[in-house]
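Shown next, in structure tokens, is the structure this report addresses.
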């Protein structure tokens, strides 16, 4: 994006892209993208274990001068019923929005939508 272009950019990440990565590779990809100032919308969200690992990895890489952390909001894994548990069917988490903490703020979330505010002009690349 050239300096003359204005607007808010975010990257949509397909389910297929994430399915091709191991959990560790997925978290590294996300963290590397966010550290460059990108806001990501994951078609298929992260599991609760992956979310915890992402937060843990982020805490290790915080640098007060260049990277202060992430903002993440998504939908939990859908609850499985008894038959799904018996047959080992797991539900994948739904969409997740992830971005640098200084650029992305969650305003409101409910079962149908996530409303975020993207704060332009704070070093987005």
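The values are calculated or read from the model by the stated rules, or taken from the named source; none is laboratory data. Being a predicted model, the structure only gives us computed values, none of them experimental. Don't worry about glycine lacking a Cβ; one is built from the backbone with ideal geometry, like all the others, and counts go over all protein chains shown.
What the table shows:
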{"quantity": "Residue within the stretch 101-123 that is closer than 19 Å to residue 53 by Cβ and at pLDDT 70 or above present", "calculated": "yes"}
{"quantity": "Filter pass, residue 61 being at pLDDT below 90, in contact with a helix residue (DSSP H, G or I) (Cβ under 8 Å, 6 or more places away or on another chain) and more than 16 Å from residue 118 (Cα to Cα)", "calculated": "yes"}
{"quantity": "In the stretch 35-45, residue surrounded by the most Cβ atoms within 10 Å (Cβ to Cβ) [restricted to those that are at pLDDT below 90 and under 16 Å from residue 55 (Cβ atoms)]", "calculated": "45"}
{"quantity": "Counted residues, the stretch 49-75 - those being within 13 Å of residue 93 (Cβ to Cβ) and surrounded by 12 or more Cβ atoms within 10 Å (Cβ to Cβ)", "calculated": "7"}
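Each row is one residue, and each column tells you yes or no for (1) out of contact with any helix residue (DSSP H, G or I) (no Cβ under 9 Å at 6 or more places or on another chain); (2) in contact (Cβ under 8 Å) with a residue 60 or more places away in the chain; (3) at negative phi.
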site	(1), (2), (3)
18	no, no, yes
22	yes, no, yes
31	no, no, yes
34	no, yes, yes
42	no, no, yes
48	yes, no, yes
